[in-house]
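All remarks here apply to the structure that follows.
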Amino acid sequence: MVFEDQPESRWLRWLRPGFRHCFCLVRGEGGWIVCDSRSDGLVILPAPDCGVEPLARSYARLGARVLAVAGRPARGRLLPPGPFTCVELVKRVLGLNGCGILTPYRLYRRLKAQPSCWLEAGPA
């Protein structure tokens, strides 16, 4: 999970600096898949295959905070509806049911507290 600032967006200024946007990368067979919900649409892009740590360090060098989390897709369990935001996208990719998790910072705090979170990289 990648958490970053979006200082150019006036709509997000009320959110905690450094945690104004989030997106995720999912490991696929041929590399990583970037899943990013933005205000102008959904972005799904391939990314080259590399290890988790080099990938986390590269995003950290760009000023982002990165958490590596083992996902547990929710199969057969209905997740409650929510507004389609960057946070909701990440929650659904992980199969995380958290009605009170509406901001990137709350999502970060929740993921960091889980035993499935095994790596953190942040801005230097």
In whole Hz, the Karplus estimates of ³J(HN,Hα) for segment 33-38 (6.51, -1.76, 1.60; θ = phi - 60°; x where Gly or Pro) are 10, 8, 10, 9, 9, 10
With +1 at each Lys and Arg Cβ and -1 at each Asp and Glu Cβ, the charge dipole magnitude of the chain around its Cα centre, to the nearest 20 debye, comes out at 520
Placing each pseudo-label 7 Å from Cα in the direction of the beta carbon, Leu62 and Cys50 end up separated by a distance in nanometres of 1.1
Given Cβ charges of +1 for Lys and Arg and -1 for Asp and Glu, the option among Pro46, Asn97, Leu25 whose Cα lies farthest towards the positive end of the dipole of the chain is Asn97
Reviewing (i) -0.44, -0.76, -0.90; (ii) -0.29, -0.58, -0.77; (iii) -0.55, -0.78, -0.85, the figure for log10 I(q)/I(0) by the Debye sum over Cα atoms at q = 0.10, 0.14, 0.16 Å⁻¹ actually calculated from this model sits under (ii)
Ranked from fewest to most other Cβ atoms within 10 Å of their own Cβ, Ser9, Ser37 fall in the order Ser9, Ser37
With +1 on the Cβ of every Lys and Arg and -1 on the Cβ of every Asp and Glu, the dipole magnitude of segment 1-46 about its Cα centre, in debye rounded to the nearest 20, is 220
Here, Ser9 and Val26, labelled 7 Å along Cα→Cβ, have an inter-label distance in nm of 2.0
Expected unfolding gain across Val34-Arg109 under the 0.36 nm per residue rule, minus the alpha-carbon gap, is 24.8 nm
Any residue on another chain or 5+ positions along whose placed amide H is under 5 Å from the amide H of Ser37 is listed here as Val43
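FYI, it's all coordinate maths here, none of it is from the lab. All figures in this text were calculated on a predicted structure; none of them were measured in a lab. For neighbour counting, all protein chains shown are included, and Cβ atoms are generated from backbone atoms with ideal geometry for every residue, glycine included.
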